[in-house]
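Asker: Once you've had a glance at the structure underneath, I'll fire off some questions.
The values are calculated or read from the model by the stated rules, or taken from the named source; none is laboratory data. Everything quoted here is computed from the prediction, not taken from an experiment. Here the Cβ is made from the backbone with ideal geometry for all residues, glycine too, and neighbour counts use every protein chain on show.
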Amino acid sequence: MDLNNASTEQLQQWQQDLSAEYDSIKAKQLNLDLTRGKPSAEQLSLSNALDNALKGEYTANDGTDCRNYGGLDGLPEARAIGAAILQTPIDNILAGGNSSLTLMHQAMTVAHFFGLSGSESAWHKEATVKFICPVPGYDRHYSVCEHLDIEMLTVPMTATGPDMDRVEELIRSDTSIKGMWCVPKYSNPTGVIYSDETVKRIAALGNIASANFRVFWDNAYGVHDLAEQPQQLCSIYQACKDAGTEDSVLQFASTSKITFAGAGVAFLGASSANLAGFKKSLGFMTIGPDKINQLRHAKFFAAEGSLSAHMKKHAAIIKPRFACVLSHLQEAFGDNDMGSWESADGGYFISFDSKPGLAKEIVKLAGEAGVKLTPAGATFPYGKDPDGSNIRIAPTVPTVEQVDQAMKVFVTCVKLASLKQALS
Ligand SMILES: Cc1ncc(COP(=O)(O)O)c(C=O)c1O
């Protein structure tokens, strides 16, 4: 269907046909959901052996009784998991509680109110604090900024990561910029992996930014590959070492989408100075993390053989869902300009862009036909997508058959909204 080369009569005929198709879908009273970026029950079941991993043995390798208080850094065997995910030496890893989002919020709070390098380094000492947010991005990153009253500046995502010319320009011209959000691998939602050049330019930002600048490197999908030969992410740890900017990046990850989403282990990867600065405040918040959960994760992965062996089991479940979404998009929009998307090779999302101004209408049409989509605008700070075109598709929770049904509805809604626009 090529809207640009069709006559008004043809467009009207298409609209009639599609409206009839849409009405017949509506009559089915579907109840499908493509909003939830979380593991399916089938994926969670891959880690059920966590339940019995300890077998009554609560002592860690270094003799720690995990049932008791203490150990702010986390168990060495848990930190080793974080070191493998973040490809960063274990000495630079802290293993925390069940959520990397919590660690990110804590790190942001410490940097803002208390300072990661002493009280004089606290961001709140300055009148305005700003963060760079590549868009589209992860809504909860934006919520953290909003919660702490940090102003957000958007830069567009490209196929190789954030538009680095724009990022460098902003940082050079505005000293109130204190940080930047990054999801470097299988970015939420666009699915791109930052190129080596982008990683190196981000590592070098610490040399041109104002004092106390920190990149929040949220590597939530670092091991969530679907391809057999996945593209490798350049090491930010090494790039920072090369640039002499070790203190400018805080790395985060967790096992939320590796084991149990509500009962995983989260990690912070940072320079020793940053870890010391963070722990100074963390010590007021907790006497130590849940080491029982950390120990059972270490035992679980040892029994699995390797992290990558475990992740291949996830990939086998997720891959057909991604393939289903991509084949519907390709079939419906591969030869026209009604939609564009990045063909993600991992992570949890596929990001779709309609023609400008149509995202809200598409989400509404799909909702009325029984397919729930993430609200339009959710992938932008303050919920404002300037083009009104981005829709995040999350296909992991529904079955392949449900994804298939939902995508049939989705493409019908996109076509219908595009036709309405073309005719108006
Ligand atoms: C980019 C990103 N970071 C962090 C999280 C949440 O991680 P956690 O469960 O470790 O808090 C998510 C969850 O969707 C995510 O997409």
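Asker: Does Val155 satisfy being more than 16 Å from the ligand (Cβ to nearest atom), assigned to a helix (DSSP H, G or I) and of a type in the set (A, V, I, L, M, F, W, C)?
Answerer: Judged against the criteria, Val155 is not a match.
Asker: Sticking with this structure for a sec: Would you confirm, using the coordinates I've provided, whether Val144 is hydrophobic (A, V, I, L, M, F, W, C) and either modelled with pLDDT under 95 or more than 16 Å from the ligand (Cβ to nearest atom) (or both)?
Answerer: The answer is no for Val144.
Asker: Which one is nearest to Met311 (Cα to Cα), of the residues in region 225-252 that are polar (S, T, N, Q), touching a residue at least 40 places away in the same chain (Cβ under 8 Å) and not in a helix (DSSP H, G or I)?
Answerer: Ranking the candidates gives Gln231 first.
Asker: Ok, one more. With respect to Ile81, determine if the residue is surrounded by 12 or more Cβ atoms within 10 Å (Cβ to Cβ), of a type in the set (A, V, I, L, M) and without any contact (Cβ under 8 Å) to a residue 24 or more places away in the chain.
Answerer: Criteria not met by Ile81.
Asker: Being in contact (Cβ under 8 Å) with a residue 12 or more places away in the chain and out of contact with any helix residue (DSSP H, G or I) (no Cβ under 9 Å at 6 or more places or on another chain): is that true of Lys178 here?
Answerer: Spelling it out, it is not the case that Lys178 is in contact (Cβ under 8 Å) with a residue 12 or more places away in the chain and out of contact with any helix residue (DSSP H, G or I) (no Cβ under 9 Å at 6 or more places or on another chain).
Asker: Have a look at Leu44, Leu34, Leu94 and point out the one that is of a type outside the set (D, E, K, R), under 28 Å from Phe131 (Cα atoms) and within 16 Å of the ligand (Cβ to nearest atom).
Answerer: Just a single option satisfies the conditions, and that option is Leu94.
Asker: Suppose we filter Ala263, Ala298 for residues that are in the same structural domain as Phe113 (by TED's automatic domain parsing), touching a residue at least 12 places away in the same chain (Cβ under 8 Å), part of a helix (DSSP H, G or I) and under 18 Å from Asp51 (Cα atoms); which single one remains?
Answerer: Ala298
Asker: Pull up region 235-277, narrow it to residues that are farther than 20 Å from Val110 by Cβ and among the polar types (S, T, N, Q), then point me to the one that is nearest to the ligand (Cβ to nearest atom).
Answerer: My answer is Ser256.
Asker: Just to be sure, is Leu18 away from the ligand (no atom under 16 Å from the Cβ), in the same structural domain as Ile317 (by TED's automatic domain parsing) and either among the charged types (D, E, K, R) or part of a loop (DSSP other than H, G, I, E, B) (or both)?
Answerer: Judged against the criteria, Leu18 is not a match.
Asker: Next question, about the same structure. Give me the residue from region 335-390 that is farther than 28 Å from Lys313 by Cα and within 16 Å of the ligand (Cβ to nearest atom) and, out of that set, surrounded by the most Cβ atoms within 10 Å (Cβ to Cβ).
Answerer: Only one residue tops the list, namely Thr379.
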